[in-house]
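Down below is the structure, laid out as C-alpha cells.
The values are calculated or read from the model by the stated rules, or taken from the named source; none is laboratory data. Bear in mind that the values here come from a model prediction, so they are computed numbers and not experimental data. As a convention, Cβ positions derive from the backbone with ideal geometry for all residues, glycine included, and neighbour counts pool all protein chains shown.
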Amino acid sequence: MKKYQPSLDRRLTEEDFKNLFLKEFANLKNYAHSIVKENETSSDIVQEAFLALWENREKFENERNPKPYLITIIR
C-alpha cells in the first residue's frame, strides 16, 4: 500500500483517494463506532463520508489533508 500523499498539483486524484481510503478507513470506522456503537452502521457512515469527499473533491484543491473533513462528516 502506497502512503497517502497529495499529488503535487494538490488535487485529490483517484489514486490519492484510494490511498487515503486504504490508510484511514479502519481508524475512521473505529471513531464512528465509538459514536454509534454498531459495526455495520459505522462502516456505512465512513463509506458515506468518503463518498461525500469524492463528490466534493474540487473543494480540496488547496487542502493537504482532507481527514478533518471526513471526521466532521462522521460526527
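Structural remarks
- In this structure, I35 does not satisfy being surrounded by 13 or more Cβ atoms within 10 Å (Cβ to Cβ), at pLDDT 90 or above and in a helix (DSSP H, G or I).
- Here V46 qualifies as touching a helix residue (DSSP H, G or I) at 6+ places or on another chain (Cβ under 6 Å) and in contact (Cβ under 8 Å) with a residue 24 or more places away in the chain.
Residues checked against (1) in a helix (DSSP H, G or I); (2) farther than 17 Å from D16 by Cα; (3) among the acidic types (D, E):
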{"residue": "K29", "(1), (2), (3)": "yes, yes, no"}
{"residue": "E40", "(1), (2), (3)": "yes, yes, yes"}
{"residue": "S43", "(1), (2), (3)": "yes, yes, no"}
{"residue": "A49", "(1), (2), (3)": "yes, no, no"}
{"residue": "W54", "(1), (2), (3)": "yes, no, no"}
{"residue": "E58", "(1), (2), (3)": "yes, no, yes"}
{"residue": "L70", "(1), (2), (3)": "yes, no, no"}
